[in-house]
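Asker: Mind having a look at this structure? Questions to follow.
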Amino acid sequence: MSNRLKLITSGFIKNNPTFVLLLGMCPTLATTTSAINGMSMGLATLFVLVLSNMAISALAPYVPDKVHIPVYIVVIATFVTLLQFIMQAYTPAMYETLGLFIPLIVVNCIVLGRAEAFASKNGVLDSACDGLGVGLGFTCSLTVLGLVREILGSGSVFGWNFIGGHDGMLAFVLAPGAFICLGYLMVLFNKIANKNK
Amino acid sequence: MEYFLIIISAIFVNNIVLAQFLGICPFLGVSNKLSTATGMSGAVCFVITLATLVTYLINKYLLLPFNLEFLQTIAFILVIAALVQMVEIVLKKISPSLYQALGIFLPLITTNCAVLGVAINVVTKEFTFGQAAHMLNLGESLVYAFATSLGYGLAMVIFAGIREHLSMNDVPKAFKGVPVALITVGILAMAFMGFSGMVK
């Protein structure tokens, strides 16, 4: 049991997909214009990650080695299509906002990376825990990055405006701010991680 | 005239890396050296244009007539994976040195979101280039795809040039590697923002 807990928690710091493994950079930068957008993107990825990890770990023994990558991609694409239907039905506004980046979860290296590195060699439950851990780590980093950009860029927190009447620094909502914020957050993360060593 | 607007818009105004955030992983991964960066951009350029051609035709003549648009994601990624495999085989034969230099990043073009992103964008989004919003036809799609990949190459080559100089400088320890690269891209993106508004 504690082993599974460890799997979940290692996704936060040691194997943090954004700050340590540098995977899934595109959605990280593109969808974090506000904290809520970042969090939604993270949760969408979490959904696909857990389900595809489980399906792949169950299928892995029956898939011939030569075609395993295409098979994994099709499995992942199936869950992404499922997610598209669900989001279109229940959260159409968020589906519009995230737009292209929902179908692009298929090519998010985190999902295929976990399938290849973990799910193909481990049991269904362990893989689900691993997907959950990495997915939560991803959601956390996206929310933090979204929060920083929202505070600097539009002066609000989760849509609640705290500077009243003033506009934030627009650049942080636009493309350059995404790169610069992520760069500085990474520096901060490195500092903290090195100190703990 | 419209083709000209498409080209300017795709290369400068809506640069795929610096404004649309697509294809960041290989952008950060192989931009350490100018030569690998050019090789990678060439491979991406080829795959994006070819993939857009094939996916556009599949979408128009296979998916739309049978109301199967929801299969777009699955169908497109399979086509792209097959294409990349083909490019890999051809490159291995024609230019082994380039094949060696690209290494792991060649099969990774499959998971380069720029390729799938452009393919999906072309068939789902309406574009405005100086006239009313409309879906792109085949010729416009190909020009758009090619110009987008040129923009990718441009950003990649500029960034690789900067990075070669950066590696010789004394950077604070916590900033070393990716963080300082990201901040540099941020400044580059800011420079490219100067083009915004040039093409509506």
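Asker: Let me know the mean shielding of A:20-30 by other chains, meaning the per-residue number of their Cβ atoms within 10 Å of its Cβ.
Answerer: 5
Asker: Under 22 Å Cα-Cα from B:Lys92, which lysines qualify once same-chain neighbours fewer than 8 residues away are excluded?
Answerer: A:Lys66, B:Lys33
Asker: Right, something else. Give me the percent relative contact order of chain A, please, defined on Cα pairs under 8 angstrom at least 6 residues apart.
Answerer: Result for chain A is 36 percent.
Asker: Can you tell me, using C-alpha contacts under 8 Å and at least 6 residues apart, the relative contact order of the range B:2-193 as a whole percent?
Answerer: Contact order relative to length: 42 percent.
Asker: Express in whole angstrom the spacing between the alpha-carbon centres of the range A:1-36 and the range A:121-185.
Answerer: Going from one Cα centre to the other spans 11 Å.
Asker: Considering the protein assembly as shown, what Rg and Dmax in Å follow from its alpha-carbon atoms?
Answerer: Values for the protein assembly as shown (Cα only, Rg and Dmax): 20.6, 65 Å.
Asker: What lysines could a cross-link reach from A:Lys6, if we take a straight Cα to Cα line under 19 Å and drop same-chain neighbours fewer than 8 places away?
Answerer: A:Lys14, A:Lys121, A:Lys197
Asker: Continuing with this model, one more query. Quick check on the protein assembly as shown: helices-only [θ] at 222 nm, where DSSP H runs of length 4 and up contribute -39,500 (n - 2.57) each and the sum goes over total residues. Nearest 500, please.
Answerer: -21000 deg cm²/dmol
Asker: Take every residue in peptide B:190-198, count the Cβ atoms of other chains within 10 Å of its Cβ, and give the average of those counts.
Answerer: Taking the mean over all residues of the peptide, I get 2.
Asker: Another question, then. Between B:Lys93 and B:Lys60, what is 0.36 nm times their sequence separation minus the Cα-Cα distance? Round to one decimal in nm.
Answerer: Value of the extension gain: 8.6 nm.
Asker: Oh, and also: Assign one of three labels to the range B:2-193, namely rounded, prolate or oblate, based on the Cα gyration tensor with a ≥ b ≥ c the square roots of its eigenvalues; rounded applies when a/c is under 1.5, prolate when it is not and a/b is larger than b/c, and oblate otherwise. If you can, show how the numbers build up before the last one.
Answerer: Values: a/c = 2.21, a/b = 1.44, b/c = 1.53.
Oblate shape, in that a/c is at least 1.5 and b/c is the bigger or equal ratio.
Asker: At a Cα cut-off below 24 Å, give the lysines reachable from B:Lys60, other chains included and same-chain residues fewer than 8 away excluded.
Answerer: Partners found: B:Lys125.
Asker: 7 Å from Cα along Cα→Cβ at both A:Ser10 and B:Ile187: what's the point-to-point distance in nm?
Answerer: Once both label points are built, they end up 3.8 nm from each other.
Asker: Moving to a separate point now. Taking each residue of A:103-114 in turn, how many C-beta atoms of other protein chains fall within 10 Å of its C-beta, and what is the average?
Answerer: 5
Asker: Search the structure for amide H atoms under 5 Å from the amide H of A:Val157, placed 1.01 Å from N in the peptide plane, and list their residues when 5 or more places away or on another chain.
Answerer: The list, which skips near neighbours in sequence, is A:Phe162.
Asker: Mind listing the Cα extents of the range A:2-148 along all three principal axes, in Å, largest one first?
Answerer: 41, 32, 23
Asker: Another question about this same structure. Ratio of Rg to Rh for the range A:94-188, alpha carbon only, Kirkwood?
Answerer: Ratio of gyration radius to Kirkwood radius: 1.08.
FYI, it's all coordinate maths here, none of it is from the lab. Keep in mind that what you see is a predicted model, and the values were worked out from it rather than measured. When we count neighbours, we look across all protein chains shown, and the Cβ atoms used for this are built from the backbone with ideal geometry, even at glycine.
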